[in-house]
Every structure is written in structure tokens, then in C-alpha cells.
1. Could you identify the single residue in B:99, B:24 that is more than 20 Å from residue C:50 (Cα to Cα) and aromatic (Phe, Trp, Tyr)?
2. What number of residues in the range C:32-63 are within 12 Å of another protein chain (Cβ to nearest Cβ) and of a type outside the set (Asp, Glu)?
3. Could you list, in sequence order, the residues of the range A:1-36 that are farther than 25 Å from residue C:20 by Cβ and either aromatic (Phe, Trp, Tyr) or not in a helix (DSSP H, G or I) (or both)?
4. Hey, residue B:111 hits all of (1) open to solvent by less than 40 Å² (accessible area, probe 1.4 Å); (2) within 11 Å of chain C (Cβ to nearest Cβ); (3) assigned to a helix (DSSP H, G or I) but one; which does it fall short on?
5. Within the range B:79-108, track down each residue that is open to solvent by 20 Å² or more (accessible area, probe 1.4 Å), touching a helix residue (DSSP H, G or I) at 6+ places or on another chain (Cβ under 6 Å) and facing another protein chain (nearest Cβ under 8 Å).
6. Has the range C:3-19 got at least one residue that is open to solvent by less than 70 Å² (accessible area, probe 1.4 Å) and within 12 Å of chain A (Cβ to nearest Cβ)?
7. Is one or more of the residues making up the range C:88-96 open to solvent by 90 Å² or more (accessible area, probe 1.4 Å), facing chain B (nearest Cβ under 8 Å) and either at pLDDT 85 or above or more than 27 Å from the chain's Cα centre (by Cα) (or both)?
8. Quick one: in the range A:37-80, which of the residues that are in a helix (DSSP H, G or I) and charged (D, E, K, R) is nearest to residue C:28 (Cα to Cα)?
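The values are calculated or read from the model by the stated rules, or taken from the named source; none is laboratory data. Keep in mind it's a predicted model, so treat the numbers as computed, not measured. Here Cβ is always computed from backbone atoms with ideal geometry, including for glycine, and neighbour counts include all displayed protein chains. Heads up: the accessible areas ignore ligands, DNA and RNA and are worked out on the full protein's heavy atoms, side chains in. Shrake-Rupley method; radii C 1.70, N 1.55, O 1.52, S 1.80 Å.
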Amino acid sequence: MQIYIIEAILLIFLIAITCAVIFCKDILSAAIIYSGFSFTAVLLYLMMGSPDVAFTEAVIGSISTVFFVASLKTIDRWCK
Amino acid sequence: MKEPFGGLILNVAFRLLVPFTIVYAIYVLCLGEYSPGGGFQAGAVLSVGVLLSRLILGENAKFNVLGKTSVVLAGVGTFIYAFTGWLTLFGGAKFFLDYNYMPIHMEPQHEMHALGIFLIEIGVAICVMMTIINLLDAIVKRGADNGDVE
Amino acid sequence: MRGLVAVLLAIMTGLFCLVITYLPKIGSADTAPNQHVTPVYIARSAEDTGSPNIVTGVIIDYRGFDTMWETSVMFLAGVTTVLVLTSNTMGRKPEKDGEEGEVIK
């Protein structure tokens, strides 16, 4: 079972982005960082050879960021 | 998103983007058999087009779906899918979605398969697009009703 | 109790790391799922379904019934989310009086 070195870097980057989203106090910036998560997932899917899933992930990632930002109107931006 | 936001630069940039988004969605829908893509992706890209045009022009956008129409059309998309299956059953198929028994007869048999696949992808695209617009409507309306957070 | 759980977790993690080297390679042709039905799809997809893309052929033609319920599940999920978000009772500020809630405006 072989894992390419760039794949390992991307996986570690994925975990780092998730930790950043969890520990972020500003919800708006958490939503923006989360779009970076989906972009990294797109790169991983492309590397595994499934352009179908990568395409879907790219489109849905961009839409869900808009949803998160739109739903910020109902809640407070900073979590205390 | 009752009223538009953004200045001159955003307006011009998004105005350029929307037609290309629609054309790309149609391309993904029609040629999904040959390349990565298909109904789901085409619907999502179409909903991105609607979203962008709403960001520019608000409620007055030309390429827009308003009100309860989106809920109805989401159901219609699912119905198109199921109705294709019923069409094959009316033609005498043994099981659901057996495209060899489509009521329109075409000579090389996989042409009928291509027609059935195209019908189904149209249904999936409409359903996905309208569901995403539904969700956006619900979130935006909830934000507008609640007003500002104290 | 907590120490026992920690020891058990450590043992399971060690076993996992030991065993994981015996898993087959990603995309290997010798595994069971790649030998049973995949060669049939690869060989007959083009003439059966008429689409050059095998993924489209499998998703929409061979397993079309599956995809139909997938689509209807997504439709139901969307409608349910809209109903929950636009209902008047869930965590909203009190409405102005004399205003009936509409499902979608």
C-alpha cells in the first residue's frame, strides 16, 4: 500500500484545516476556511483518479460557503 | 437577498460570469455521457448561475426562480425521472427503467438507451437546482424575518 | 475503568497497525470486488448502454432504480429542511400579531 508524498501532505493539510475550523472564534472566517477544506478534498479526489466526485465537490463546496455566510444573518458572528 | 449588494466592479464581473455559467451547465448536462459530469453537477452549476444573478440584481433578475415555483419544480424534476420508468413499463418492459422498451423506436438499440439517460438526467438536474434554490430561499427568508442579532 | 479502556484502545490500535500492511493495494485487480462484476461492466457497458462513459452507464442504466430513490430522498430532504426553517415555532422571535405564517414567500 503506497501513499505518495504529496498525498500525505494534502491529508495533513486537511487535518490542519479541520483543527483551524474547530478552534476559530470567528464564525465567518471559519466558513471561509472551510472552503479551503473542500478545495483540498478536490485535489485529493483528482489524485485518486475520480474526476466525477472532484467536480461535484468543487461545485457543492462553493455553494455551501454561500449558504454558511447567508445563514450568519440569524446568529451571532463571534462565539464566546 | 431582496436587494443587491456590491459595487460597480462586482456587478460587471458577475454579469460577465452568469451566461458562461449557464452555457457550461448545459454542456455538462448534454455531454455528461462522454465526460465527467451529469445531472447532479449540471443542476448544481445552474443553481450557481441563479445565485450569482440574484446577487447582482436582487429580486428583479431575469434568470431567476421566485417563490413557490421552486418547490413545485423540484417535485416535477423527480416526477420526470419516475415517469421515464413508467414509460418503459407502458412499452412492455419486464422491470423498471429497461430502456429497450421505450415507446419511441430507434434502430440501433442503444440510441433508446441514450434517450432514456438524457431524460433522466434532465429530471435530476431540475430537482437538484430547485432544491438548492429552495434551501437558499429558506435561509435568506429566515434571516430577513429574524432581523438583527442583538 | 478508564485505564482499562486506554489499554484496550492501545491494543486495538497496535493490531490495526499490524494488520493494515496485509491490505491489498488501492485499485488492485486481484481483490474480490474487482473480480466479480466489474469485468462484466467494463466489457459490456459500451454496447449495452450506448454511453462511452462507464460511470454513467452503471449509475443511470444498470442501477437506475437506485438513483431514482436517491433523487427522491434528496428532494424530500430539501423540502423537509425548508419546512423546518420556515416554521413559525422553532426558535424565532415572537411574530408581530395578526400575521399568519406562510410556508414560503
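1. Among B:99, B:24, only B:24 is more than 20 Å from residue C:50 (Cα to Cα) and aromatic (Phe, Trp, Tyr).
2. The number of residues fulfilling the criteria is 17.
3. Listed by number, the residues that qualify are A:23, A:24, A:25, A:26, A:34.
4. Checking residue B:111 against (1) open to solvent by less than 40 Å² (accessible area, probe 1.4 Å); (2) within 11 Å of chain C (Cβ to nearest Cβ); (3) assigned to a helix (DSSP H, G or I), the one that fails is (1).
5. Answer for the range B:79-108, where residues must be open to solvent by 20 Å² or more (accessible area, probe 1.4 Å), touching a helix residue (DSSP H, G or I) at 6+ places or on another chain (Cβ under 6 Å) and facing another protein chain (nearest Cβ under 8 Å): just B:96.
6. no
7. yes
8. Result: A:52.
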